[in-house]
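Here the structure comes first, spelled out in structure tokens, and everything after it is commentary.
The values are calculated or read from the model by the stated rules, or taken from the named source; none is laboratory data. Only a predicted model underlies this, so the values are computations on that prediction, with no experimental measurement involved. Cβ: placed from backbone, ideal geometry, glycine included. Neighbour counts: every protein chain shown.
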Amino acid sequence: MSEIPADRRYAKSHEWVLNSEDGVVTVGISDYAQESLGDITYVEVPGVGDTLSAGDVFGVVESVKAASDLYAPVAGEVVAVNEALDAAPETVNQSPYGDGWIMKLKVSDPTEIDALLDDAAYAAEVA
Amino acid sequence: MVDFAGWEMPVQYRSIIEEHKAVRSAAGLFDVSHMGEVDVEGAGAQAFLNQLVTNDVFSLYPGRVLYSPMCRPDGGVVDDLLVYMREPNRYFLCINASNIDKDLAWMREQAAGFDVTINDRSNDYALLAVQGPRAETIVQSLTGAKLPILRYYHFQEGTVAGVQCMISRTGYTGEDGFELYHASADAPALSEALLRAGEPFGLELAGLGARDSLRLEAGYPLYGHELNDDLSPIAAGLGWTVKFKKPDGFNGSESLAAEKQNPDRRRVVYFRTGDRRIVRPDTVVQDASGADVGTVLSGTLSPILGEAIGSAVVPSTAVQNGLHVDIRGKSFTLHLVKPPFVELKKSS
């Protein structure tokens, strides 16, 4: 059974969004996603300053098994990326909700966050 | 678990990369019971096998193991296999799981005119492989067989943890190790005994995923990738397994000799990229001018090197011509390497 913290929202494509009050959200992939991918060998992150629409491909997570696109759960401007993943992509396996975060977005429309799945809905999605 | 040739098999137990590293630094236990086993016996067995495979079966003696491709007359590979000589007129083959039916049909067809019987023993045997620098210590703790004098590519009968085994000093990882053929019913007892004996030495269960990355790091071909119906042992860089001087000829001898003389023949090359992005099978390989010249056959991240490694097939004439691949819009040079990619410490 994978871990699904209640403090954040989820996309059907297995990204999570953690909202902090300043209009900036942190984005990563779920425990379920990292477990399905297996050993993560490479994470391709977007450029700081990139503008994303909801649903845009913003990066790739590669494992020994497969390469999977990452989709922006909400629209916004990339204000930070987790550069530590370059040397240590396995951090996403070890800490998908913490040190394994992928990018921070300044959201354009905060109502898009509310439209995402809550923990219960996401748990039903991956059950 | 994945379906592999009808067997439900684990790709990984814990982590492909951790299992891989355990085999290189300590030991791994692989359940490879899916592999096929065939008895080939009779007064004509030696002559039959020497016609069937490209390597020289006459070089065997009881207790010796031989690796060989098995080719069609056109040089394409039906399978690659191990030939074990038990005693004169009694041989044992280990073949790839996905090829069992095809191989048996082919061997029976080729056996016409030879005094030989061919028996599929695949369901009778289970196969456990203990691989890694601590393999000898672990297996020795469970057997009276004198493992220090059992040399690489040799085997002997014996008991391991009380289970009757063919103890073979072979493997598919590039490390020292043993492959233990035994009755299927004994597999649970033997695997539990090996795990218990191996625990103090860092033995880990290892799955199909680690088996694949270990063999690729060692530069060993995998049937269906570097060898297939259309890729010969000459193309695959296995010329050392094709003994053109065998006096009675063999399946594929003429086609393979002609292929060897062709300066424009296709060639399997091994590469690394210096980057962590995995170059997946079927990726197109281009030359310096941007022309498509080949295809990637295998690709993974080397857990030891921390960079992408793989194999590709290209025309010989393209090998020195700036080979590169495109991954998601970015170009990567293929740095060609004569495998193994890492230093191996096989027993000699």
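Every residue, every condition in (1) crowded, with 18+ Cβ neighbours inside 10 Å; (2) more than 14 Å from chain B (Cβ to nearest Cβ), yes or no:
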| position | (1), (2) |
| --- | --- |
| A:Lys12 | no, yes |
| A:Leu18 | no, yes |
| A:Gly55 | no, yes |
| A:Ala88 | no, no |
| A:Val92 | yes, no |
| A:Gly98 | no, yes |
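Looking only at the range B:1-37, filter to residues that are within 14 Å of chain A (Cβ to nearest Cβ) and among the polar types (S, T, N, Q); which one of those is nearest to B:Met166 (Cα to Cα)?
Filtering first and then ranking leaves B:Gln12.
For the range A:64-81: of the residues being within 10 Å of another protein chain (Cβ to nearest Cβ) and either modelled with pLDDT under 95 or not in a strand (DSSP E or B) (or both), which is surrounded by the most Cβ atoms within 10 Å (Cβ to Cβ)?
Ranking the candidates gives A:Val64 first.
Of the residues B:Asp74, B:Asp120, B:Asp79, which is modelled with pLDDT of 95 or more, among the acidic types (Asp, Glu) and crowded, with 19+ Cβ neighbours inside 10 Å?
B:Asp79
Report yes if B:Leu214 is part of a helix (DSSP H, G or I) and within 13 Å of the chain's Cα centre (by Cα), otherwise no.
Judged against the criteria, B:Leu214 is a match.
Quick check, is B:Gly63 surrounded by fewer than 20 Cβ atoms within 10 Å (Cβ to Cβ) and either within 22 Å of B:His182 (Cβ to Cβ) or small (Gly, Ala, Ser) (or both)?
Values: surrounded by fewer than 20 Cβ atoms within 10 Å (Cβ to Cβ): yes; either within 22 Å of B:His182 (Cβ to Cβ) or small (Gly, Ala, Ser) (or both): yes.
Spelling it out, B:Gly63 is indeed surrounded by fewer than 20 Cβ atoms within 10 Å (Cβ to Cβ) and either within 22 Å of B:His182 (Cβ to Cβ) or small (Gly, Ala, Ser) (or both).
Please find, among B:Phe201, B:Phe244, the residue that is among the hydrophobic types (A, V, I, L, M, F, W, C), more than 14 Å from chain A (Cβ to nearest Cβ) and surrounded by 15 or more Cβ atoms within 10 Å (Cβ to Cβ).
Only one candidate passes the filter, namely B:Phe201.
Scan the range B:217-241 for residues that are touching a Gly at 6+ places or on another chain (Cβ under 9 Å), of a type outside the set (A, V, I, L, M, F, W, C) and either within 14 Å of another protein chain (Cβ to nearest Cβ) or assigned to a loop (DSSP other than H, G, I, E, B) (or both) and report the count.
Within the range B:217-241, residues that are touching a Gly at 6+ places or on another chain (Cβ under 9 Å), of a type outside the set (A, V, I, L, M, F, W, C) and either within 14 Å of another protein chain (Cβ to nearest Cβ) or assigned to a loop (DSSP other than H, G, I, E, B) (or both) number 10.
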